[in-house]
Amino acid sequence: MVAIVKYGIIGVGMMGREHLINLYHLKSEGVSVVAIADPHLPSQKYAQKLADSFDWPLQVYAGHKQLLESGLCDVVVVSTPNMTHYEILMDIINHPKPHHVLVEKPLCTNVSDCKKVITAAKTRSDMLVQVGLEYRYMPPVAKLIDIVKEGALGQVKMVSIREHRFPFLVKVDNWNRFNCNTGGTLVEKCCHFFDLMRLFIGANPVRVMASGAMDLNHKDEVYDGRVPDIIDNAYVIVEFDNGCRGMLDLCMFAEGSKNEQEISVVGDTGKGEALVPESIVRWGTRAEGRNGVQTLLAEDKRIKYDGLHHGSSYLEHLQFLSAVRAKGEQTPAVGLHDGLVSVAIGVAAQLSIQKGRSVTIEEVMHEQLLQSTKS
């Protein structure tokens, strides 16, 4: 009989409860959520009600340290506000009892904290840490990744990602309205897309150019005398060390869109694209032209719960559970370095907008300008 893997969830707001539901749908794989931690009483109660409906008795704690001290958990999911990730991760890593960790994106809100977490984690060979960059698991995106890896498009030259969507949702205490809490929109939201660019291109970013602004959303909101400062639209160009380029087109006042994400990858012999949530994938070659374009509806029969991200969170948990059960023989699919680079590109893009010039990844990694991002 397979041993039950016991989970704790630190932070049970919207995403924490989403993880709780996903893990319930993995119950047949031998998982159980046994504890939660959150200082916000309404979030605690919502999570408790969910767990009761799943017949999962929970230990409830106000803080993450109490959960760690309980010794109840094999794995912890960190789904707290971005600005808390660093402190919580360091407490988990430094705790005597090893806990495997799935931390929501972004890894941290700045490069410096990401690097400190990576350094600390190197001392814990008894722990796995995976970053929640789950968009790679969305069925149409995963299919496009496979098409690229199979060489059907030739050598990738350009990646274009359009996200046209609704504004940021309301979060507990409105923490996500300010750059100092989120790292900025291009870190908070768009680290997903910078991660996908790296996956498709298979190279390292070197320079970022961006233009963006806060044009429509949240301008009439005031919290404790402060007006939000998060941008709601941007164009970002990322240059890679193999000569490829990636481009992000972000608009967060585009509710009238059929698809929220449209991803295009162009190689020297073909082009592929993925549409979400239609879940359509198209690809064709230069030689065959428009008449040779193939189209399919991407599905993954393993998904038992679509949730907020089209089944990607379910598959993320399935993969991480496999790594945990492998007991050191399998590394996390999305490691700490992936989390660091996705944050670094976002930080460089935020700085590019602020400074009105291109920003190199090298200067961001060396923290020459990090102080100027703090608000």
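The values are calculated or read from the model by the stated rules, or taken from the named source; none is laboratory data. Here the structure is a predicted model, which is why all the values come from computation and not from measurement. No Cβ is skipped: glycine too gets one built from the backbone with ideal geometry, and neighbour counts run over all protein chains shown. Side chains are part of the model used for accessible areas, which takes the heavy atoms of the whole protein and leaves out ligands, DNA and RNA. Shrake-Rupley method; radii C 1.70, N 1.55, O 1.52, S 1.80 Å.
General observations
- For LEU196, the requirement of being open to solvent by less than 30 Å² (accessible area, probe 1.4 Å), part of a helix (DSSP H, G or I), within 25 Å of LYS143 (Cβ to Cβ) and not charged (D, E, K, R) is met.
- Complete set of residues in region 321-375 that are in a loop (DSSP other than H, G, I, E, B), among the hydroxyl-bearing types (Ser, Thr, Tyr), modelled with pLDDT under 95 and farther than 30 Å from TYR24 by Cβ: SER375
- Scan of region 98-148 for residues that are surrounded by fewer than 22 Cβ atoms within 10 Å (Cβ to Cβ), in contact with a Lys or Arg (Cβ under 7 Å, 6 or more places away or on another chain) and not hydrophobic (A, V, I, L, M, F, W, C), ordered by number: PRO98
- Only residues that are within 14 Å of GLU163 (Cα to Cα) and open to solvent by less than 50 Å² (accessible area, probe 1.4 Å) were counted across region 243-259, and they come to 9.
- Residue tally, condition surrounded by 14 or more Cβ atoms within 10 Å (Cβ to Cβ) and out of contact with any His (no Cβ under 6 Å at 6 or more places or on another chain), over region 56-71: 10
- Restricting attention to region 156-193, the residues being part of a strand (DSSP E or B), open to solvent by 20 Å² or more (accessible area, probe 1.4 Å) and within 20 Å of MET252 (Cβ to Cβ) number 3.
- Within region 314-350, the set of residues being aromatic (Phe, Trp, Tyr) and under 14 Å from the mean Cα position of the chain (by Cα) comprises TYR314 only.
- Subset tally (residues that are in a strand (DSSP E or B) and open to solvent by less than 60 Å² (accessible area, probe 1.4 Å)) for region 6-33: 7
- Failed condition for SER43, given (1) polar (S, T, N, Q); (2) touching a residue at least 60 places away in the same chain (Cβ under 8 Å); (3) open to solvent by 10 Å² or more (accessible area, probe 1.4 Å): (3)
- With respect to the stated conditions, ILE201 fails to be modelled with pLDDT of 95 or more and in contact with a Leu (Cβ under 8 Å, 6 or more places away or on another chain).
Residue by residue, here is whether (1) open to solvent by 50 Å² or more (accessible area, probe 1.4 Å); (2) not aliphatic (A, V, I, L, M) holds:
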position	(1), (2)
GLN294	yes, yes
ALA298	no, no
LYS301	yes, yes
LEU308	yes, no
TYR314	no, yes
GLN319	no, yes
SER322	yes, yes
